[in-house]
Amino acid sequence: MQYHWLKKQNNNNLIIFFAGWSFDFKPFEFLDCGSNDVLFVYDYNEINDFNCKFSSEYSKKFLITWSMGVFTAFLLKNSLPEFDRKIAINGTPFPVNDTYGIPLKPFLLTLRHAKTGLEGKFYQNIFEREEEYQKYLTTPVERSIENRESELKALYEKIKSTDLEYDGFYDFALISSNDKIIPSKNQINFWQNNAPYKLLESGHFPFYNFKSWDEIIQAVR
């Protein structure tokens, strides 16, 4: 895993964000951090225990996870600090699952053709509207395609080899109504019995609907 501070100015509040597969921090730099220190976690080619000693410096802590980051943070929950609120966005702890995540057949197709998808189609499908995709292209992911391709293989190996039982870890879920990556109905199937959720009018990448990290936290109130 890689870590990047979007902001670190010894604020009282800490936000830890776990990104989805194939992303880095570049497309998220537009979000105003406000009075929060924001730590961005990405690149799951290797998933290691989280060193959270620094978290004791903060009076309030929030966890926001997105897509494959929902699974990864849940996998690491025993090494994460205690949070005031934990929010899952467009993901579940069972990311490759015919009922609760990406159905197996389309996932395997994505895995098999990951390089081709990463060269364009995948990112187009992430957004609901063409203008959002064009906005993304002004600050795109900077990781190499090979790095992103190997990440998906590593994630799938971890998913296959991990037997998880959900224990009510997340406090709230945000679900996009037009998610072309993880079907909205499958997300609802999971969260309707496990946490309160709210529907967003957006695609898999809903972040252009917000101006700040605080707005994301306030959306679940």
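Is it true that some residue in region 85-106 is within 15 Å of W21 (Cβ to Cβ) and either free of Cβ contacts under 8 Å to residues at least 60 places away in the same chain or over 19 Å from the mean Cα position of the chain (by Cα) (or both)? Yes, because at least one residue in region 85-106 is within 15 Å of W21 (Cβ to Cβ) and either free of Cβ contacts under 8 Å to residues at least 60 places away in the same chain or over 19 Å from the mean Cα position of the chain (by Cα) (or both).
Of these, K60, K77, which one is within 18 Å of I217 (Cβ to Cβ) and surrounded by fewer than 19 Cβ atoms within 10 Å (Cβ to Cβ)? Going through K60, K77 in turn, just one is within 18 Å of I217 (Cβ to Cβ) and surrounded by fewer than 19 Cβ atoms within 10 Å (Cβ to Cβ): K60. Within region 177-187, the only residue that satisfies the criterion of being surrounded by fewer than 17 Cβ atoms within 10 Å (Cβ to Cβ) and either at positive phi or in a helix (DSSP H, G or I) (or both) is K185. Restricting attention to region 142-161 and to residues that are part of a loop (DSSP other than H, G, I, E, B) and loosely packed, with under 13 Cβ neighbours inside 10 Å, the residue that is farthest from the chain's Cα centre (by Cα) turns out to be S144.
Residue pairs whose Cβ atoms lie under 6 Å apart, sitting 6 or more positions apart in sequence or on different chains, and linking a residue in region 15-32 that is within 11 Å of W66 (Cβ to Cβ) to a partner that is assigned to a loop (DSSP other than H, G, I, E, B), are G20/S67; F23/V141. G91 meets the conditions (1) farther than 23 Å from N209 by Cβ; (2) touching a helix residue (DSSP H, G or I) at 6+ places or on another chain (Cβ under 6 Å); (3) assigned to a loop (DSSP other than H, G, I, E, B) in every case but one. The failed one is (1).
Here T139 meets the list (1) surrounded by 13 or more Cβ atoms within 10 Å (Cβ to Cβ); (2) part of a loop (DSSP other than H, G, I, E, B); (3) free of Cβ contacts under 8 Å to residues at least 12 places away in the same chain almost entirely, failing just condition (3). Take E82 and tell me if it is among the acidic types (D, E), part of a loop (DSSP other than H, G, I, E, B) and in contact with a helix residue (DSSP H, G or I) (Cβ under 8 Å, 6 or more places away or on another chain). Here the answer is no, as E82 does not meet what is asked. Annotation for region 109-127: no member residue is over 21 Å from W191 (Cα atoms), free of Cβ contacts under 8 Å to residues at least 60 places away in the same chain and in a strand (DSSP E or B).
Read the figures in this text as sums done on the coordinates, not as results from a lab. Computed from a predicted structure; not experimentally measured. Here Cβ is always computed from backbone atoms with ideal geometry, including for glycine, and neighbour counts include all displayed protein chains.
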